[in-house]
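Have a look at the structure below, then the notes.
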Amino acid sequence: MTLLTDYGPHSEYVGALHAVLVGADPGIVRVDLAHDIAAGDVRLGAVILARLVVQLPHAVHLAVVDPGVGSGRRGLAVRLSGGGALVGPDNGLLGLAARELAAVEAVVLPPARGNAATFDGRDVFAPAAAQLALGANLEDLGTQVEVAGIRVPEIPGAQLRPGELVAAILGSDRFGNVQLAASAADVAATGLAIGQEVMITAPDARAHGHVAQTFGDVAAGALAVYLDSHGLVAIAERGGDAAARLGIRGGGSLRISVTPTPTP
């Protein structure tokens, strides 16, 4: 069983999920993928979930980033082609992972009875996930729906021009590294190359940086544009916080463009 939420590390809400799972069976092996997703950031949660589920494709993945809790959004349990499952809100959080691991069946979970309407993680999703981990049939948990209807987050494609890349900001990690919705292929298509000086234009700030392979390729305090461990474009400040320096608060897009070489 894996868990991914925006509850915050070591919060009582994370503890409540673990308590439900242990109460169902102390033998359930639990792996905390992440609990530091920015509050309500469904898109970033979906991206990180899709990155990580591939490492445990046969597990039951319990994911809760749910700003619409208590509303009409659906709760889902999803069976995956490799035998694993996803459980969580149908707000876009599960969609990328469902595609990555080829969802084959899905059911809408019934609402909790006699409990608070604001903690579906504890009252709806964790119990369903525990049942799946213990061998329950998916169709016994709810009403079957088409997997094609599972929502996915809206992530604009990168805009590519010679010497320039514009990409959606996915978010930032605890080190202040800014993550963008752009790939190595996108970088190659623009002609951006390691060693080039670039101008980085965020919604609220601009700064010079360099295209680099790793943090050590730039001086202390400088910005590096690089491919992160997932093959996506990211920006880091060596020894600092790129997100703070660029005024990244989530959302929007960021432009990376080659700085023209001065004419002699």
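Along the axis of the charge dipole computed for the chain (Cβ charges of +1 for Lys and Arg, -1 for Asp and Glu, origin at the Cα centre), the listed residues 185, 222, 162 are led at the positive end by 162. Answer rounded, prolate or oblate for the stretch 1-57, using the Cα gyration tensor with square roots of eigenvalues a ≥ b ≥ c: rounded when a/c is under 1.5, else prolate when a/b is larger than b/c, else oblate. Because a/c hits 1.5 or more and a/b fails to exceed b/c, the stretch 1-57 counts as oblate.
Remark: spin-label model distance residue 38-residue 145 equals 2.7 nm, labels positioned 7 Å along the Cα→Cβ axis. In this simple spin-label model, placing a label point 7 Å from the Cα along the Cα-to-Cβ direction at both residue 174 and residue 255 gives a separation of 3.5 nm.
Take every pair of alpha-carbon atoms less than 8 Å apart whose residues are at least six positions apart; their mean separation over the length of the stretch 159-258 yields a relative contact order of 37 percent. Shown is the FRET efficiency for residue 99 and residue 229, computed with R0 = 22 Å from the Cβ-Cβ distance and rounded to the nearest 0.05: 0.60. Highest GNM mean-square fluctuation among 144, 196, 55, for the chain modelled with Cα contacts below 10 Å: 55. Inter-part distance, the stretch 91-106 to the stretch 225-264, computed on C-alpha centroids, equals 30 Å. For the chain, modelled as a GNM whose springs connect Cα atoms under 10 angstrom apart, the maximal fluctuation among 48, 28, 200 occurs at 28. The helix-based estimate of mean residue ellipticity at 222 nm for the chain, built from -39,500 (n - 2.57) per DSSP H run of four or more residues and divided by its residue count, is -5000 deg cm²/dmol to the nearest 500.
Footprinting exposure proxy ranking of 257, 11, 71, fewest other C-beta atoms within 10 angstrom first, gives 71, 11, 257. Here the Gaussian network model covers the chain, with springs between Cα atoms less than 10 Å apart; of 242, 130, 102, 102 fluctuates the most. Based on alpha-carbon atoms, the Kirkwood radius and the radius of gyration of the stretch 2-149 give Rg/Rh equal to 0.91. Counting only Cβ charges, +1 for Lys and Arg and -1 for Asp and Glu, the dipole size of the stretch 2-149 around its Cα centre is about 120 debye.
Backbone phi angles across the stretch 55-71, fed through the Karplus curve with coefficients 6.51, -1.76 and 1.60 (θ = phi - 60°), yield HN-Hα couplings of 7, 9, x, 9, 7, 8, 10, 9, 10, 9, 10, 9, x, x, 4, x, 9 Hz in residue order; Gly and Pro are listed as x. The relative contact order of the chain, computed from alpha carbon pairs under 8 Å that lie at least 6 residues apart in sequence, is 15 percent.
Rounded to the nearest 0.05, the FRET efficiency derived from the C-beta distance between residue 30 and residue 154 at R0 = 35 Å is 0.65. Using a/c under 1.5 as the rounded threshold, could you call the stretch 159-258 rounded, prolate or oblate? The axes a ≥ b ≥ c are square roots of the C-alpha gyration tensor eigenvalues, and prolate needs a/b larger than b/c, oblate otherwise. Since a/c stays below 1.5, the shape of the stretch 159-258 is classed as rounded.
Less than 5 angstrom separates the built amide H of residue 145 from those of 106, 107, 108, all sequence-distant by 5 or more or on a different chain. For residue 10, neighbours were defined as the other residues whose beta-carbon sits under 13 Å from its Cβ, and their charges (Lys and Arg +1, Asp and Glu -1) total -3. Karplus-based coupling profile of the stretch 99-114, in residue order and whole Hz: 6, 4, 10, 6, 4, 10, 7, 8, 9, 8, 7, x, x, 5, 10, x, with θ = phi - 60° in 6.51 cos²θ - 1.76 cosθ + 1.60 and x standing for Gly or Pro.
From Cα pairs below 8 angstrom and at least 6 apart in sequence, can you work out the relative contact order of the stretch 2-149, rounded to a whole percent? Over the stretch 2-149, the number comes to 25 percent.
The numbers here are math on the coordinates, done by the rules we state, and not lab data. Nothing here was measured: the structure is a model prediction, and the numbers come from that model. Glycine gets a Cβ as well: all are built from the backbone with ideal geometry, and neighbour counts include every protein chain shown.
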